[in-house]
């Protein structure tokens with residue numbers, strides 16, 4: 001139970017730190033650069049949250065795939 005709580009807290013803190021870094025990086029771009037990548041300044045936080053959620057889901061799938069391939073090893 002405590003491990004799950006610590007894991008959830010760690011994930012929340014990591015997600016927040018990554019989102020803040022993404023928001024900061026996008027906020028430093030000028031309006032023309034933002035337009036070039038297809039977003040408006042008012043969308044920065046929403047885009048940052050979406051990027052973080054996407055990367056998290058990719059990481060989770062990758063970890064599951066890696067875990068599955070490690071457990072499929074047979075011993076002779």
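Readers should treat all values here as calculations from the given coordinates under stated rules, not as data from a laboratory. Source: prediction; values computed, not measured.
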Distance histogram in 10 Å bins (all Cα pairs of the chain, percent per bin): 17, 32, 26, 16, 7, 2, 0
Go ahead and estimate [θ] at 222 nm for the chain from helices alone: -39,500 (n - 2.57) per DSSP H run with n ≥ 4, summed, over the residue count, rounded to 500. -27000 deg cm²/dmol
